[in-house]
Structure formats: structure tokens, C-alpha cells
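To start, the structure itself, in C-alpha cells.
The values are calculated or read from the model by the stated rules, or taken from the named source; none is laboratory data. Everything numeric here is computed off the predicted structure, so don't read it as measured data. Cβ placement follows ideal geometry from the backbone for every residue including glycine, while neighbour counts extend to all protein chains displayed. In case anyone asks, the SASA skips ligands and DNA or RNA and just uses the protein heavy atoms, side chains included. Shrake-Rupley method; radii C 1.70, N 1.55, O 1.52, S 1.80 Å.
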Amino acid sequence: MTRTIVSVVGTRPNFMKTVPVVRALKRRREEFEHVLVHTGQHYDRSMSDVFFEELDVGPPDHLLSVGAGSHAVTTARVMERLEPLLEQLRPDLVLVPGDVNSTFAAALTASKLGIPVGHIEAGLRSFDRTMPEETNRVLTDQISDLLFIHSPEARDHLLAEGRFSEHIFGVGNTMIDTLVAMRQRIRNLDSPAQHGVEPSRYLVVTLHRPALVDGPLLAETLAHLSTVARDGLDVVFPIHPRTRSRMLEQGLDAAGVQLTDPLGYLDFLGLVERAAGVLTDSGGIQEETTYLGIPCFTLRENTERPVTIELGTNELLGLDPARILDVPEILARRNGAGVTVPPGWDGHAAERLVETLSSLQSFATLT
Ligand code: UD1
């Protein structure tokens, strides 16, 4: 008898985490039927469609078109629109990746319907409740039956919050699966040439978190990026829609910085792979740079991914835009030795996840 699994995705980073799982499930058609639901939290072509095309997964089976809104509105709309679909499909499991509003909204909807939930990327904690994602992480993990983790400290966090060891599965990093699978296509693109920059001579920048872009720190950040660009390191900055609208509202620009629309997955990783360094406030990019061995500077006070600092290339700058000015010098001093890829970041995490599902008689652990 086949078991039905519904995956719910909503934002750009969700897609890379779920696609390898979809592929692995589809390879076992005799065991699993898979249904892909996109909430539509991200909806621009450059934030959504392009990933489905590039990652060869085909369009989602259901699109909930929730669009933009406040946290409450997005969460509520996902719940309202997902509930009837889950009632109709009555899946054996709902899989949710990451920590965005769509993640928590889908987990809560399924949980209230008595449908088991599996959380991909469980157990990450920044211990910073001012981050909307931290609330999503903690709550999603509390109501998930199956907790799929990709770094060792995640297990400790989950155990400390009262979850049982037998429900925690160290399968590895499914987002890195996507990177491994796409590596040759990424290389073939020659992204630096497309963007008119020389390999190892430019900084890639992505910034979108409210703590940084919704207030006065944005103007300061852009001014410092201009200084870095003027003093010799090219700066390529694909702008997230949230950041772009804040720049427009405040009439901000960044002289000398290459500002572009959000890039597709292959083009973006093609730039990152040959960069001198990356400056970001994203979570996933801290992991991708760790895997690629590219120096990463995180413009935040904390990270829910400490393994990228302990084993990888990541350095926390703090929420302090003035530190951007130190980046060229740190890069010049760096010798690049001693970078390790964390265990389970090897391109096979989704296979292990699906193998785990296959081995379980029942997905329900909370009822
Ligand atoms: C969301 C996630 C964040 C994740 C990020 C990845 C939450 C709480 N936040 O943040 O954890 O790191 O996605 O990108 O879920 N917009 C568009 N077009 C789009 C998407 C967004 O114009 O396709 C604009 C809208 O005006 C929207 C704003 O960007 O209001 C913010 O979008 P939203 O999904 O609320 O949060 P993100 O900042 O993208």
C-alpha cells in the first residue's frame, strides 16, 4: 500500500531544501505518493518560478497564492487555504522545511487535523526571539512528529525542549543535496563573466532581514558597501524585494555597487562559488559557503547555524555595518586552510530521510 506525503513550501530557501526529498520520494513510487503544495508566500517570478524550472521538479501540484502580508495575515491565510486541501488529501504525513511563516502555518494546520508532521531542518536555534523565524522554529518542532536534523547541536536543543531521541533523525542537509546535484550546471554557467567580474576579486552581498533592512542600518550598510566597491573589491548585490522596497521608501542607492534583481539558483551559486567572499544575513547561505569553502561574513548578532563557524568559513560580524569595512582586510589575511564540511552534508541527505520514512511503520509519535 502506498503512503501519501504532502510537502508544503512557501519561500525561496524552502525550495532547495524540499526538491531533493521530492525526487527521492518519486524514485519510490511503489511506496510513496507525493503531493507538492506551494503556499505562494514568495510569488515573484525571480523569487519562485525560476527555482521550480531550474531545479527540474515541475510546477507544484497546488498553489495557495497567499501573497504578501503581515505575519498574522500570511500565517492565517496559509492555514485557511491549506486546511480544506489536507482534509481532502488526508495524507499520511506533511513535510515542512525550514523556519518561515509558511512552515509553521502548515505544521499547525496538519497537527490540528491529526496528521503527522515531519520537520526538515529541525532543532536550529538562534535563541533570539526578536527573529520571527525563531518562534517558527520552536513551535514547529514542538508539534512535529518526526524531527530531521542536519547538525549535532540541533539534537541537544530538541532534547532540552523535551523531545525524545527516538523521534530525532540525523539525516544531514537536504539543501546541500541540491548544491551537490547542481554543481556541474553551476560551474558551466560561468557566472562571474556574465556579471562582468573577475573570479576571486568580488564580494557577493545578500541582505533582507527586518533587523537590518527595516531601519536606519540599511543606509549605513549601503554607504559602507560603496566604500568597499570604491576601494578595489567589486561588490555584486542581488536585492531581495523587501530590501528593494525599503531602499525605494528611503530614497537610498549604493554608488559603485552592482545592484541586480534577485538571481536564479544556478546563477547565484555560480557567483558565490568563485567569489572572494560573501556578506549576508541569510541562514542558508552560511551553509552553502561552508560547503563551498568560500569565506562568509554574517551581518547578525547570532546564528542558528554555529556549525558553520566551528567547522566552516563563517564569521559573525554582529549587527554592525561598520564592520563591512574590515572585510577586504580579513580576506587579504586569510589562508583558507582547515575548512571541513559537516557530517551529512554530502548530497545524500534526502535519500537517508526517505529511507527513514520507509523504515517507519507509523509516522505519528505525538498521539
Ligand atoms: C521570508 C522569511 C525569511 C526567509 C526569507 C527568504 C518569514 C517570517 N520570513 O522573509 O525567514 O529568510 O523569506 O527570502 O517567513 N516580496 C515580494 N515578492 C516576493 C516575496 C516577497 O515582493 O516574491 C515582498 C513583499 O512586499 C513582502 C516582503 O517582500 O511583504 C517580505 O516578504 P515575506 O515573505 O514576508 O518575508 P521575507 O522578508 O521574504
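Odds and ends about this structure:
- Mean separation of Cα pairs under 8 Å and 6 or more residues apart, divided by the residue count, gives the chain a relative contact order of 17 percent.
- Heavy-atom surface analysis with a 1.4 Å probe gives the chain a carbon and sulfur content of 51 percent of its accessible area.
- Length gained when the stretch Ala76-Gln361 is fully extended (0.36 nm per residue, less Cα-Cα span): 99.4 nm
- Whole-angstrom gap from segment 336-367 to segment 155-211, using each part's C-alpha centre: 15 Å
- Rounded, prolate or oblate (a/c below 1.5 giving rounded, otherwise prolate when a/b exceeds b/c) for segment 240-313 by Cα gyration tensor: prolate
- Of the whole protein surface, Asp267 contributes about 40 Å² of accessible area at a 1.4 Å probe radius.
- Looking at the chain, the accessible area is 40 square angstrom per residue; that uses a 1.4 Å probe and ignores ligands, DNA and RNA.
- Ranked by how many other beta carbons lie within 10 Å on average, peptides 210-217, 31-38, 170-177 from highest: 170-177, 31-38, 210-217
- Using a simple spin-label model with pseudo-atoms 7 Å out from Cα toward Cβ, Thr130 and Ala223 lie 2.1 nm apart.
- With all protein chains modelled, accessible area of Tyr291 [1.4 Å, Å²]: 50 Å²
- In this structure, the amide hydrogen of Asp234, modeled 1.01 Å from its nitrogen in the peptide plane, lies closer than 5 angstrom to those of Leu203, counting only residues at least 5 positions away or on a different chain.
- Basic side chains Lys and Arg get +1 at the Cβ, acidic Asp and Glu get -1 at the Cβ, and with that the dipole of the chain about its Cα centre reaches some 320 debye.
- Annotation: peptides 325-331, 356-362, 105-111, ranked by per-residue average of other Cβ atoms within 10 Å with the highest first, follow the order 105-111, 325-331, 356-362.
- Folded to 0 to 90 degrees: helix 132-143 orientation relative to the chain principal axis, Cα: 20 degrees
- Amide H contacts of Val171 (H built 1.01 Å from N, under 5 Å, at least 5 apart or other chain): Ile149
- Principal-axis tilt of helix 217-230 within the chain, Cα atoms, nearest 10 degrees: 50 degrees
- Of the whole protein surface, Asp253 contributes about 110 Å² of accessible area at a 1.4 Å probe radius.
- Global form of the chain, assessed from the alpha-carbon gyration tensor, a/c cut-off 1.5: prolate
- Gyration tensor verdict on segment 1-160 (Cα atoms; rounded if a/c is under 1.5, prolate if a/b is larger than b/c, oblate otherwise): rounded
- Net charge contributed by nearby residues that have their C-beta within less than 12 Å of Lys17 (K/R +1, D/E -1): -4
- Between segment 2-19 and segment 215-275, the alpha-carbon center distance in angstrom: 29 Å
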